[in-house]
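Beneath this line is the structure, given in structure tokens, with notes to follow.
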Amino acid sequence: MSILLNIETATKNCSVSIAKEGKTILCKEIAEANFSHAEKLHVFIEEILNETNLTFKDLKAVAVSQGPGSYTGLRIGVSSAKGLCYALGLPLIAIDTLELLARRISIEEGVIIPMIDARRMEAYTSLFDKDYNKIRKTEAEVINEASYEEIKTAIHLVGDGIMKFKEVLTNDKFVYHDEVVFPSANEMSFLSYEKYKKSDFVDVAYFEPYYLKDFVLNR
């Protein structure tokens, strides 16, 4: 029986799920503007284990959202995941944050562009087809009126980065899924289990979050 713990802290959403054979048993999350990850993360982990009558000894691996995203959020999530893996002797699984975000919606045609808000007119983006295959690398992208002109099909935009571009990307091909804002550990359950089955683990000692951009202190 494969019980996996999933941790997602790349954005304002502090999200934890526990899954059995790739299916979420329970997910707890909260999105707050002041990034309460340091206070909430371990509380959520303890609550989830207690409410599912599981213990740390039942876990087979820990999965963490690898980024891109918030420097502070990623650092907290990855540090916690690595600490658990060290203490429990468990393998660590890294999951692409933008794929998690893309998987929060389902489409029948077109492409999905998940967007995580970055500074100014930038967003962390990638491009996925309707089956969630990544067809463009992840990048920190400056968005303007000419962005995505080469894509002629419907473009489904999802994430907290899309709101500031509504007056920039105005073509009818853009579909705004503004009800979905943050990636969630709920979508990690399937992905982490698929990686677990293939023993697709990262090195606990050397793994670092995918920050993509250097940390800048706001003054």
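If you scan the range 144-170, which residues turn out to be in contact with a Phe, Trp or Tyr (Cβ under 9 Å, 6 or more places away or on another chain) and among the hydrophobic types (A, V, I, L, M, F, W, C)? If the condition is that a residue be in contact with a Phe, Trp or Tyr (Cβ under 9 Å, 6 or more places away or on another chain) and among the hydrophobic types (A, V, I, L, M, F, W, C), then ALA154, ILE155, LEU157, VAL158, ILE162, MET163, PHE165, LEU169 are the ones that fit. Restricting attention to the range 143-176, the residues that are in a strand (DSSP E or B), surrounded by fewer than 18 Cβ atoms within 10 Å (Cβ to Cβ) and touching a residue at least 40 places away in the same chain (Cβ under 8 Å) total 1.
Out of everything in the range 66-96 that is closer than 16 Å to PHE44 by Cα and touching a helix residue (DSSP H, G or I) at 6+ places or on another chain (Cβ under 9 Å), what residue ends up being surrounded by the most Cβ atoms within 10 Å (Cβ to Cβ)? Out of the qualifying residues, it is GLY77. For the range 187-210, what are the residues that are at pLDDT below 95 and surrounded by 17 or more Cβ atoms within 10 Å (Cβ to Cβ)? Hits for the range 187-210 are GLU187, PRO209, TYR210.
Taking LYS40, is it outside any strand (DSSP E or B), over 26 Å from GLY159 (Cβ atoms) and of a type outside the set (S, T, N, Q)? Spelling it out, it is not the case that LYS40 is outside any strand (DSSP E or B), over 26 Å from GLY159 (Cβ atoms) and of a type outside the set (S, T, N, Q). So if I check each of ILE3, ILE25, ILE45, ILE18, which one is modelled with pLDDT of 95 or more, aliphatic (A, V, I, L, M) and touching an Asp or Glu at 6+ places or on another chain (Cβ under 6 Å)? Result of the check over ILE3, ILE25, ILE45, ILE18: ILE3. Considering the range 111-142, the residues that are outside any strand (DSSP E or B) and farther than 15 Å from PRO68 by Cβ include one that is modelled with the lowest pLDDT, namely ARG120. All of (1) over 18 Å from TYR210 (Cα atoms); (2) outside the structural domain of LYS23 (by TED's automatic domain parsing); (3) without any contact (Cβ under 8 Å) to a residue 24 or more places away in the chain hold for GLY89 with one exception: (2). Residues that are within 28 Å of LEU26 (Cα to Cα), of a type in the set (Val, Ile, Thr), touching a Phe, Trp or Tyr at 6+ places or on another chain (Cβ under 9 Å) and assigned to a loop (DSSP other than H, G, I, E, B) do occur in the range 189-204, at least one of them. Within the range 31-45, residues that are within 15 Å of THR72 (Cβ to Cβ) and assigned by TED's automatic domain parsing to the domain that holds SER15 sit with their Cβ atoms under 6 Å from residues that are outside any helix (DSSP H, G or I) and among the polar types (S, T, N, Q), at 6+ positions apart or across chains, in these pairs: ALA31/ASN13; HIS37/THR9. The residues of the range 108-139 that are under 19 Å from the mean Cα position of the chain (by Cα), among the hydrophobic types (A, V, I, L, M, F, W, C) and over 18 Å from PHE182 (Cβ atoms), listed by number, are VAL111, LEU127, ILE135. Within the range 97-114, if we keep just the residues that are of a type outside the set (Lys, Arg) and surrounded by fewer than 24 Cβ atoms within 10 Å (Cβ to Cβ), the residue that is nearest to ILE18 (Cα to Cα) turns out to be GLU99.
The values are calculated or read from the model by the stated rules, or taken from the named source; none is laboratory data. Predicted model, so just to flag it, every value in this text is computed and none were measured. Heads up, the Cβs are rebuilt from the backbone with ideal geometry, glycines too, and the neighbour counts pull from every protein chain shown.
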